[in-house]
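Colleague: Supplied in structure tokens, the structure appears directly below.
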Amino acid sequence: MKNLLLMAVCLGLLAFGCAIESDNGAGAEDAEPALINHLNLGDEGSVDFYEPVPGEILVLGIFNSGDIVDEIEGKSPPEIYEYLTGETAPEVIQSAYEASLDAACRETAESGDDENIQLPDMAGTRMPPEEFRDRYCRPAGIYDYTYCLLSRTNNYSIIRTASLMVNRVHAYRGNFNFAHRYLDGDSYRTVCNVLMPEGRTLFVYSQGIRTRRMAQIYNATGDYWHLSVYGNN
């Protein structure tokens, strides 16, 4: 949290933000994220650490239950690794995280190649909206923005000008896609695109350049989901 507060001071005043609807994932380019570490947590799920471009770090965790998401709440990528393994985070994770803190003071995105991330399918349990709200809609610490959407259906996007965006999304009923994107020039670049089967909970931590970031749910007609989004400008 010390790092997050330092970053917020660096960025200064609150920037504008909005929530909009979106029909699909069309029109966004894809970045090829470099996988820098993978943690297999057995039946509980898995966590992947990516460096989509220099100065950007992405942590993706997909879990069978919400317990691990609770436990890593408010932790930085190196702290997430250390908590889950009991070992010091590898230099590649620490370096990518430090670079993302430096990049938080810039406002020009760098580009990457095109490719999506697809996470493995796994069994899950549907989480009632009250449980999701109590677990994920009251993040510890001070953040510039928070969103909590419960038992929503159909396609939706949240867009913020931000250096940090943390997403927790749960597939309550049906299957849909969740994508995290950031603005690169005149178009949005995709850094993860995940098929969310019913009952799964996804954790996405994305930090780096200060630009417009998007949490997007699509292909969700008739499906139901919960979404928590928070972060710093």
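The values are calculated or read from the model by the stated rules, or taken from the named source; none is laboratory data. All values reported here derive from a predicted model rather than from experimental measurement. Positions of Cβ are backbone-derived with ideal geometry, glycine not excepted, and every protein chain shown enters the neighbour counts. Surface areas here come from the heavy atoms of the whole protein model, side chains and all, with no ligands, DNA or RNA. Shrake-Rupley method; radii C 1.70, N 1.55, O 1.52, S 1.80 Å.
Colleague: Would you confirm whether or not the stretch 156-165 contains a residue that is buried (at least 20 other Cβ atoms within 10 Å of the Cβ) and at pLDDT below 90?
Modeller: Checking the stretch 156-165: not a single residue is buried (at least 20 other Cβ atoms within 10 Å of the Cβ) and at pLDDT below 90.
Colleague: Hey, MET122 hits all of (1) open to solvent by less than 80 Å² (accessible area, probe 1.4 Å); (2) out of contact with any Lys or Arg (no Cβ under 8 Å at 6 or more places or on another chain); (3) at pLDDT below 90 but one; which does it fall short on?
Modeller: Looking at each condition in turn, MET122 falls short on (2).
Colleague: Please go through the stretch 86-96 and pick out each residue that is outside any loop (DSSP other than H, G, I, E, B) and either open to solvent by 10 Å² or more (accessible area, probe 1.4 Å) or of a type in the set (Asp, Glu) (or both).
Modeller: Answer for the stretch 86-96, where residues must be outside any loop (DSSP other than H, G, I, E, B) and either open to solvent by 10 Å² or more (accessible area, probe 1.4 Å) or of a type in the set (Asp, Glu) (or both): GLU91, VAL92, GLN94, SER95.
Colleague: Restricting to the stretch 212-233, count the residues that are open to solvent by 10 Å² or more (accessible area, probe 1.4 Å) and more than 23 Å from GLY74 (Cβ to Cβ).
Modeller: 7
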